[in-house]
Structure formats: structure tokens, C-alpha cells
Amino acid sequence: MKTTLETIGIIHSPFKEKFGIPRQPGLVPEAVATLELLPPYDRPEAVAGLDGYSHVWIQFLFHRTMREQWQPTVRPPRLGGNRRVGVFASRSPFRPNPLGLSVMELRGVHCDRGVELELGGVDLLDGTPVVDIKPYVPYVDSIPDARGGFAPAAPERRLPVRFTPQAERQLRQRADGERVRELIRGLLEIDPRPAYRGEEEGERVFGMRLHDFDLRWRVMQGRVEVLELAAGY
Ligand code: SAH
């Protein structure tokens, strides 16, 4: 029996650090990534028929949490970060085996140079190693009346997001400015601040590395203000 997993592909995503990544797939549809299949798995036959599906399951390694010690309980952000549940009752990256599972929109299958899948609504760090791909099969995988434990529905709170003139200028200078603007809006309106900072406003400037820039923003009177797309790192 084979007991080791092979990396079959690598994720190329805008997320260069963990902070700010949506906590589940689908929360920010504008978060688009490509999955590049690696040799010897980069064969068009291996994905033949996949384009008939709108969504896929991606199994991956939490490669940036692998060295952490596992704990039997975790504090999910969903519970404000101050209540514990069992690790197996959570989707936390800190688990005995660092395996993640995300269902994502399949926006395209490209076989012109190797094999690349275009994915929408991703919650994955750039460089994430992927160990398997499976089609999402609605009649098996969708259970509309299932119970959702401590996370019964997507968080509803959406903060208004406005861009300072400086941020606007920086977006206009980019060829991908429109797409990046929608991505930033999608990411910040769901408020990526850690739960314990939820009510802290004003002074504090947050930063996250996105694409080739450092995004800086703060929260004032219940609104997100995008300050700048600071130069690369
Ligand atoms: N949908 C998956 C992942 C949920 S946890 C599952 O249920 O298994 C999602 C969080 O994992 C993201 O917010 C990000 O902070 C973190 N993450 C994403 N890619 C990662 C990686 N390659 N290594 C470590 N952490 C990662």
C-alpha cells in the first residue's frame, strides 16, 4: 500500500500571507487562482471530462502550518476566538494531518501549456501544494437540509469599503486595476480582522500582502478605508 502523498499541483493565488485570506472558499468569488498540474500529472487525459463540472473539490496541504504542534481543541474565529471546539469539529488548519479540503468554482480547464485549472472563490495561500482534485457532484455532495453546527450560515456582516484618492490612483496605474479593486472590496467587506479586534477602530492600520503589493487599510465608524497599495516587498 502506498502511504505517502504526491503533490500533483501547485496553487498560484494572490494571497502571499495567511492573514486576510477568506476563512472558507466561496466567501469571496473574486479571489481567483490557478492550479498548475505538475509532471507526471500534467496530462490533458487526466482532466478529460472535468470541464463538464462547475465546481471541484481540492484537497491540499496546509504547508505553512505543518510544523505546528496539534491540539485536541481549537478556537475557531467563528466563535469569536474565545471558545474551544474539538479539532475534528472544526475546519482549522492546525490538525494532526495538515490536509485541507475546499470546494471551488471551476472557471476553466486549460491544456495549451501543460494543464491549468482556473479556480474561483479560493481560500488558499500562493504556493499551496495540492494532493487531489475531484469533481463536485451535486446529487451526492449537496445536502440542502444539513445542520451546520456552530457555523450554520455564511457570516452576513458586510462593511462598506471606500478607497482613498491615493489608493484609487494606484489602482488606475495597474492593467489589472479593476479586478484588483473588486478583489480588495470582496476581501475587506467581510472583515478579515481577528475576532478579538472586531470592535477596535481608528488608529490601527492593517496590512496584508496581496499580489505584488502590501495592502493597507483601517476601519473607521464601521467602514473600511483602503489607504494604499504600498510598493512591493
Ligand atoms: N476550506 C479549507 C480551509 C479552511 S482554513 C478546509 O476546510 O479544510 C482556511 C485558512 O487556511 C485560510 O484562511 C488561510 O489562513 C489558511 N491557509 C490557506 N492556505 C494555507 C496553506 N497552504 N498553509 C497554511 N494555511 C493556509
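Counting only residues that are in contact (Cβ under 8 Å) with a residue 24 or more places away in the chain and of a type in the set (S, T, N, Q), how many does segment 210-229 have?
Going through segment 210-229 one residue at a time, the tally reaches 0.
Does segment 165-188 include one or more residues that are closer than 30 Å to residue 49 by Cβ and in contact (Cβ under 8 Å) with a residue 12 or more places away in the chain? Walk me through how you get there before you give the answer.
Within segment 165-188, the subset closer than 30 Å to residue 49 by Cβ is 179.
Then drop every residue that is not in contact (Cβ under 8 Å) with a residue 12 or more places away in the chain, which leaves 179.
Checking segment 165-188: at least one residue is closer than 30 Å to residue 49 by Cβ and in contact (Cβ under 8 Å) with a residue 12 or more places away in the chain.
Check 6, 17 and return the single one that is among the acidic types (Asp, Glu), more than 11 Å from the ligand (Cβ to nearest atom) and touching a residue at least 40 places away in the same chain (Cβ under 8 Å).
Working: 17 fails: more than 11 Å from the ligand (Cβ to nearest atom).
Going through 6, 17 in turn, just one is among the acidic types (Asp, Glu), more than 11 Å from the ligand (Cβ to nearest atom) and touching a residue at least 40 places away in the same chain (Cβ under 8 Å): 6.
Please give the number of the condition residue 65 fails out of (1) within 13 Å of the chain's Cα centre (by Cα); (2) surrounded by 15 or more Cβ atoms within 10 Å (Cβ to Cβ); (3) farther than 24 Å from residue 141 by Cβ; (4) within 10 Å of the ligand (Cβ to nearest atom).
All conditions are met except number (1).
Give the residue, chosen from 131, 122, that is within 16 Å of the ligand (Cβ to nearest atom), over 30 Å from residue 224 (Cα atoms), under 18 Å from the mean Cα position of the chain (by Cα) and modelled with pLDDT of 95 or more.
Working: 122 fails: over 30 Å from residue 224 (Cα atoms).
Only one candidate passes the filter, namely 131.
Can you pull out the residues in segment 114-154 that are surrounded by fewer than 13 Cβ atoms within 10 Å (Cβ to Cβ) and of a type in the set (Gly, Ala, Ser)?
Filtering segment 114-154 down to residues surrounded by fewer than 13 Cβ atoms within 10 Å (Cβ to Cβ) leaves 137-150, 152-154.
Across segment 114-154, the qualifying residues are 142, 146, 148, 149, 153, 154.
Condition check ((1) modelled with pLDDT under 95; (2) touching a Leu at 6+ places or on another chain (Cβ under 9 Å); (3) aliphatic (A, V, I, L, M)) across all residues:
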position	(1), (2), (3)
3	yes, no, no
8	no, yes, yes
16	no, yes, no
30	no, yes, no
39	no, no, no
43	no, yes, no
47	no, yes, yes
50	no, yes, yes
60	no, yes, no
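Just to check your reading of the model, which residue among 84, 75 is away from the ligand (no atom under 15 Å from the Cβ) and either within 18 Å of residue 191 (Cα to Cα) or surrounded by 14 or more Cβ atoms within 10 Å (Cβ to Cβ) (or both)?
Working: 75 fails: away from the ligand (no atom under 15 Å from the Cβ).
It is 84.
Which one of these is within 22 Å of residue 78 (Cβ to Cβ), modelled with pLDDT of 95 or more and more than 16 Å from the ligand (Cβ to nearest atom): 102, 142? Give the derivation first.
Working: 102 fails: more than 16 Å from the ligand (Cβ to nearest atom).
Criteria check complete, one pass: 142.
Right, residue 162: under 18 Å from the mean Cα position of the chain (by Cα), over 30 Å from residue 98 (Cβ atoms), touching a residue at least 60 places away in the same chain (Cβ under 8 Å) and away from the ligand (no atom under 16 Å from the Cβ) or not? Don't jump to the end; show me each part of the working.
On the way: under 18 Å from the mean Cα position of the chain (by Cα): no; over 30 Å from residue 98 (Cβ atoms): yes; touching a residue at least 60 places away in the same chain (Cβ under 8 Å): yes; away from the ligand (no atom under 16 Å from the Cβ): yes.
Judged against the criteria, residue 162 is not a match.
Which of the residues belonging to segment 37-56 are surrounded by fewer than 17 Cβ atoms within 10 Å (Cβ to Cβ) and within 16 Å of the ligand (Cβ to nearest atom)?
Just the residues of segment 37-56 that are surrounded by fewer than 17 Cβ atoms within 10 Å (Cβ to Cβ), to begin with: 38-41, 43-46, 48-54.
38, the sole residue that qualifies.
The values are calculated or read from the model by the stated rules, or taken from the named source; none is laboratory data. The structure presented is a predicted model; accordingly, all values stated were derived computationally and were not measured. Cβ coordinates were reconstructed from backbone atoms using ideal geometry, including for glycine residues, and neighbour counts include every protein chain displayed.
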